[in-house]
Amino acid sequence: MLFQIKAYLKFLWYSKNEHAVHSPFVFNLLTKCFYDKKTKPEYAILKKYRKSLLGNKNFIEVTDFGAGSRVFKSNRRQISKIAQTAGISPKRAELLFRVTNYFQPQNILEIGTSLGLATSALALGNPKAKVITIEGCPNTAGIAQNQLNDFDCKNVENVVSEFESFLISENIQATNYNLIYFDGNHSKKATLEYFELLLPTIDNDSIWIFDDIHWSEDMEEAWEIIKNHSQVKVTIDTFQWGFVFFRYEQPKQHFIIRT
């Protein structure tokens, strides 16, 4: 916690808003998407999705995985508590919806479904997109799938798999993912492994979003490595998330932005 407080104070010191941005691409993204304050009808759906989970007092067996497919720990947890602590916040769910709606990606990959709060934002952001979401715990994935069906998110394919196993076993080089949301394993080693495994899937317009880039010293180190990668052209640090763009026509630039 102390590390995150120090990281946030540092972020506040260096962060800017749209007035300090001289890239037309990033300026438009901020003004037309990040800072869009207009109410969207989909926000009501996201709110109802969350409310239904917060009201679910049933318990499920939750399994977390370590390296490979090794079970790290397993315990019984109340669904409402998982939604409170492990799910995306309402504000970030709305931002994720706006980003998806702004870029209109056709192929979306989410690493870490949990209860599907972020998944629903991705699915609603572009109902014509194909959303593949991966979750290691079958019980959690089952709740998410039921929720997504109940809220008519029919463009989602739920995959139950350990993340690395899925990325290695699938022929991912045959797919171009236009948007990838990384929210499955907040460790430097895993984040960089997923980054390298998924690089063959990028195209010029791909958007990658990394969650919790200031979660720990290790995650900050992973973020610095990603920022400096030769194929990465533009990054945006919003403290909670790190946005990565691969646009070949852009000069290499890094932004720290308040949202």
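The values are calculated or read from the model by the stated rules, or taken from the named source; none is laboratory data. All values reported here derive from a predicted model rather than from experimental measurement. We place every Cβ from the backbone using ideal geometry, glycine too, and count neighbours over all the protein chains shown. For accessibility, only protein heavy atoms count, side chains too; no ligands or nucleic acids. Shrake-Rupley method; radii C 1.70, N 1.55, O 1.52, S 1.80 Å.
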In a Gaussian network model of the chain with springs linking alpha carbons closer than 10 Å, the residue among N126, N149, N101 that fluctuates most is N149
Any chance you could give the angle, 0 to 90 degrees and rounded to 10, that helix 90-103 forms with the longest Cα principal axis of the chain? 60 degrees
How long are the three semi-axes of the equivalent ellipsoid of the range 62-214, in whole Å, if each is the root of 5 times an eigenvalue of the C-alpha gyration tensor, listed from largest down? 22, 20, 14
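Counting other Cβ atoms within 10 Å, which trypsin sites (Lys or Arg not before Pro) in the range 70-141 have at most 15 and lie in a DSSP loop?
Filter output for the range 70-141: R70, K128.
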Just the accessible area per residue of the chain, please: how many Å² with a 1.4 Å probe? 49 Å²
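Sort the following peptides by mean Cβ neighbour count (other Cβ atoms within 10 Å, averaged over residues), highest first: 37-47, 187-197.
Most protected by this proxy first, the peptides run 187-197, 37-47.
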For the chain, what is the calculated [θ] at 222 nm in deg cm²/dmol (nearest 500), taking -39500 (n - 2.57) for each run of four or more DSSP H residues and dividing by its residue count? -12000 deg cm²/dmol
In degrees from 0 to 90, rounded to the nearest 10, what is the angle of the helix 188-198 Cα long axis to the longest principal axis of the chain? 80 degrees
Taking H as built 1.01 Å from N, whose amide H comes closer than 5 Å to the amide H of S161, not counting residues under 5 places away? E135, G136
Going by average Cβ neighbours within 10 Å, how do the peptides 204-212, 241-249 rank, with the highest at the top? 204-212, 241-249
Please give the helix 2-14 orientation as an angle from the longest Cα principal axis of the chain, in degrees from 0 to 90, rounded to the nearest 10. 30 degrees
Report the Cα-based extents of the chain along its three principal axes, largest first, to the nearest Å. 50, 43, 40
DSSP-defined beta bridges in the range 150-253 - what % are antiparallel, rounded to 5: 65 percent
Convex hull (Cα only) mean projected area of the range 1-142, reported in nm² to one decimal: 11.0 nm²
Percent antiparallel among DSSP beta bridges confined to the chain, nearest 5, equals 40 percent
Carbon-plus-sulfur fraction of the accessible area of the chain, 1.4 Å probe, in percent? 52 percent
Burial order of peptide ranges 160-167, 175-182, 226-233 (average beta-carbon count within 10 Å, highest first): 175-182, 160-167, 226-233
